[in-house]
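J.: Before anything else, here's the structure in question.
Derivation of every value follows stated rules applied to the coordinates shown; laboratory data play no part. Keep in mind it's a predicted model, so treat the numbers as computed, not measured. Note that each Cβ is placed from the backbone with ideal geometry, even for glycine, and that neighbours are counted across all protein chains shown.
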Amino acid sequence: MNNLLKITLLFCALAFFKPTQVNAQNAASAKYKCMIQMTNYMGEGAYIVISLVDPKGQYNKTLYVLGSDKKWYKSLKEWHKFYAQKPTNISAVTGASLTGGDRGVSVIEIEKAKINAGYKLRFETAVEDKEYYVKDLEIPLTTEALAAKTDGTGFIRYVRFSAN
């Protein structure tokens with residue numbers, strides 16, 4: 001009977017501490033709604049990658065991929081080099097591509113420690129039989145930039161963020 005009591009207490013303790021760990025992880029990151037407005041171009045849907053780029057300009061993490069057909073990932077040349085070297089499961093951060101004039105909203109998760117620490121958000125775009133933009137849009141990862149509208153230079157007209 002004494003062993004049964006110990007096992008029960010152990011399970012209760014594990015159940016108690018697990019939510020605390022999850023809450024600590026959630027406190028370390030913030031979710032943002034990212035609204036992308038595309039330009040009015042003719043053609044196929046744009047594949048877009050939202051990446052976290054470190055202060056030295058190196059890819060740090062894939063935050064979201066718009067376009068789910070993996071055969072087209074190679075068209076996002078710079079990101080694909082990073083992704084091929086450090087493949088990760090991105091199925092949870094993948095959605096449909098956007099076509100000319102479309103507007104899409106995605107939720108991305110950003111570590112709070114990266115905000116105001118010299119990082120950037122890079123939006124890389126590619127459209128079949130059209131141009132490829134390594135930096136269609138690059139936003140300094142600051143609280144001010146996350147509150148502003150930022151214009152793109154290629155297929156993206158602009159991007160806006162809001163806290164989720």
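J.: So if we plug the beta-carbon distance of K71 and A96 into 1/(1 + (r/R0)^6) with R0 = 22 Å, what FRET efficiency do we get, rounded to 0.05?
T.: 0.90
J.: If you take the charge dipole of the range 29-163 about its Cα centre, with +1 on Lys and Arg Cβ and -1 on Asp and Glu Cβ, which of Y47, N116, T62 is farthest toward its positive end?
T.: Farthest towards the positive end: N116.
J.: Under the rule of at least 5 residues apart or a separate chain, name every residue whose amide H is placed under 5 Å from the amide H of Y41.
T.: Counting only residues 5 or more places away or on other chains, the set is G100, G101.
J.: Specify whether the C-alpha gyration tensor of the range 29-163 places it in the rounded, prolate or oblate class, a ≥ b ≥ c being the square roots of the eigenvalues: rounded for a/c under 1.5, otherwise prolate if a/b is larger than b/c and oblate if not. Write out the running numbers ahead of the final one.
T.: Working: a/c = 1.61, a/b = 1.21, b/c = 1.33.
Note, shape of the range 29-163 comes out oblate.
J.: Could I ask something else about it? Where does the charge balance sit around S29 when Lys and Arg score +1, Asp and Glu -1, over other residues with C-beta under 10 Å from its C-beta?
T.: +1
J.: Sticking with this one: Starting from the 7 Å offset along Cα-to-Cβ, what nm value, one decimal, do you get for the label separation of A147 and R160?
T.: That separation, rounded to one decimal, is 1.5 nm.
J.: Amide H neighbours of T94 under 5 Å, at least 5 residues apart or on other chains, H built in the peptide plane: list them.
T.: V65
J.: OK, next. When we measure straight from the Cα of K135, which lysines land under 17 angstrom away, once same-chain ones fewer than 8 places off are left out?
T.: Of all the lysines, those that pass the test against K135 - Cα under 17 Å, at least 8 places apart if same chain - are K56, K61, K74, K77, K81, K120, K149.
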